[in-house]
Amino acid sequence: MTDLTKRYDVLVVGGGNAALCAAIAARRAGATVLVVEAAPKFYRGGNTRHTRNMRCAHDAATATLSGPYSEEEFWDDLLRVTGGDTNEELARHMIHLSKDMLHWIAAQGVRFQPSLGGTLSLGRTNSFFLGGGRSMLNALYLTAERLGVAVAYDAEVVDLDIADGFFTTATVRQGDAPHQVRAATMVAASGGFEANIEWLKQSWGPAADNFLIRGTPYNRGTVLKLLIDKGVDAIGDPTQCHAVAIDARAPKFDGGIITRLDCVVFGIVVNKHAQRFYDEGEDVWPKRYAIWGRLVAGQPDQIAYIVFDASSLKLFMPSLYPAIAAGSIAELAVKLTLDPVALEKTMAEFNAAVRPGTFDHTELDDCRTEGLTPPKTHWARRIETAPFYAYPVRPGITFTYLGTRVNRQARMIMQDGKPAANLFAAGEIMGGNVLGKGYAAGIGMTIGSVFGRIAGEEAAAHARN
Ligand SMILES: Cc1cc2nc3c(=O)[nH]c(=O)nc-3n(C[C@H](O)[C@H](O)[C@H](O)COP(=O)(O)OP(=O)(O)OC[C@H]3O[C@@H](n4cnc5c(N)ncnc54)[C@H](O)[C@@H]3O)c2cc1C
């Protein structure tokens, strides 16, 4: 059993990438470290378990990356996806340190592999973990344990003792017993609040009942809320999050990557009234996949249907669940519980508006509609070859952006503008400092690794003094 009675130099709350990077960095800097993870051991590692890659700047191609990705290009990408809603100083600092992260994380036992093929074309910019996020985590846990980091599972922080920005103890519930855990510093790495439907409802209203949470059920924002209530400054908009369209048949939590649907560009997307509501061919999928969760969230009952035909079935990676198939559009509508007349009308109008072009799903082709609202501006082909298929989709929330404000040392900033004495944050819980809105694939892990390392080193240095 992990000793929860001893006073540690650094208490790390959470058990994902940010927490492990912080714990290892603090331990390597000489601190005694306790990691408290709310999940049982089997489910340790939060959303990190589901990840596949991390975005880091690098000067040249490597054995697993197909070319260079400069700091400036990384910054340009971040600026574009956030529309400038980012803290430039922190973002540039993170991007600069991301360069060394590829080496640092490998030194902790994590191995990379060439990019997986698929829909997002990330072979130059993103490093893929050999064996995925779970394997990456297992390597980090092994290293942490070998270094002497203490880890407590089923150990949820339910209260914090903080006065004037000074942390003294955390109340950790393990089994039935609450423990008062003392430490010289605390690193909060406990994720966002995406698994807390009641909290999501405060911003989204009853619609949030229909959201599916792609990752861990343990990221309920308990620590985030405690910190804000105890004077830490919040950053970010509570409605901002990463949300994609996922198979509506996915489980409420933890469906992971295999429930994401990447076939929007190959068909049309209709709501429960069998009406189209957005340009399915607006831009290449890597630039658009992350808007579809929010688009579906804006539709009645937060449900939509991607409809396509036999000519597209083999052009994309399928979901875990098979597409719903039918011999005619009317029959498909019945299977989807849509009005057959309405779906046939929508389809007929779409097909009539399609202009001839040369279909090429790898680039912005010239296949488009004319005189249709909303238009489909690329990859528009008549949907007319039976069998017809559909996937029902719902908003799949990946993670929320509201977080704790931090400075370059990953030290939390209090509501009076002063840095906290001994409180640090890393990962999703402070992601809003860098991501005001939007997303660039792989940046969640960059935020966790870079700020996790900083937080661990700074917390250890503080504990030593
Ligand atoms: C399906 C999916 C795929 C993704 N793919 C990628 C990808 O390929 N690349 C990428 O960069 N990002 C990806 N992301 C986003 C990425 O998972 C996160 O940005 C990243 O894992 C966040 O790391 P973290 O350590 O901050 O949080 P997490 O890994 O979620 O860890 C949070 C931890 O805190 C624990 N915790 C929560 N509350 C408490 C409490 N009160 N007390 C104690 N412990 C607590 C949780 O149990 C968990 O262990 C993906 C997310 C999902 C859901």
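The values are calculated or read from the model by the stated rules, or taken from the named source; none is laboratory data. Please read these numbers as outputs of a predicted model, since none were measured by experiment. All Cβ positions, glycine included, derive from the backbone under ideal geometry; neighbour counts span all protein chains shown. Surface areas here come from the heavy atoms of the whole protein model, side chains and all, with no ligands, DNA or RNA. Shrake-Rupley method; radii C 1.70, N 1.55, O 1.52, S 1.80 Å.
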_Accessible area of the range 315-465 belonging to carbon and sulfur atoms, whole % at 1.4 Å probe_ = 54 percent
_15 Å reach of a label modelled at K314, 7 Å along Cα-to-Cβ, counting backbone N of the range 374-390_ = 387
*What is the magnitude of the charge dipole of the chain about its Cα centre, with +1 placed on the Cβ of each Lys and Arg, -1 on the Cβ of each Asp and Glu, and no other charges, expressed in debye to the nearest 20?*
980 debye
*Place a +1 charge on the Cβ of each Lys and Arg in the range 1-111 and a -1 charge on the Cβ of each Asp and Glu, then give the dipole magnitude about the Cα centre in debye, rounded to the nearest 20.*
800 debye
*In whole Å, what is the distance between the alpha-carbon centres of the range 276-352 and the range 1-53?*
42 Å
_13 Å beta-carbon shell around F112, net charge (K/R +1, D/E -1)_ = +3
*Taking the dipole about the Cα centre of the chain, with the C-beta of Lys and Arg at +1 and of Asp and Glu at -1, give me whichever of W204, L34, G231 is farthest to the positive side.*
L34
*For q = 0.10, 0.12 Å⁻¹, Debye-computed log10 I/I(0) when each Cα of the chain counts as one equal scatterer*: -0.73, -0.99
*Quick one: with all protein chains in place, what share of the accessible area of the range 1-59 is carbon or sulfur, to the nearest percent (1.4 Å probe)?*
49 percent
_Within straight-line cross-link reach of K335, aspartates and glutamates at Cα separation under 14 Å, skipping those fewer than 8 residues along the same chain_ = E344
*How much of the DSSP beta bridge set in the chain is antiparallel, as a percent to the nearest 5?*
75 percent
_With a 1.4 Å probe and all protein chains left in place, how much accessible area per residue does the range 56-161 have, in Å²?_
44 Å²
*Relative contact order of the chain, defined on C-alpha pairs under 8 angstrom at six or more residues apart (%)*: 24 percent
*Taking a label point 7 Å from the Cα of D59 along the Cα→Cβ vector, which residues of the range 69-104 have an amide N closer than 16 Å to it?*
69-73, 96-104
*Relative contact order (percent) for the range 1-126, with alpha-carbon contacts under 8 angstrom and 6 or more residues of separation?*
23 percent
_Using helices alone, I'd like the mean residue ellipticity at 222 nm for the chain: each DSSP H run of four-plus residues gives -39500 (n - 2.57), total over residue count, nearest 500._
-8500 deg cm²/dmol
*asked:* Out of the total accessible area of the range 171-272 (probe 1.4 Å, heavy atoms of protein only), what percent is carbon and sulfur?
replied: 52 percent
*DSSP bridge orientation in the range 1-140 - percent antiparallel, rounded to nearest 5*: 60 percent
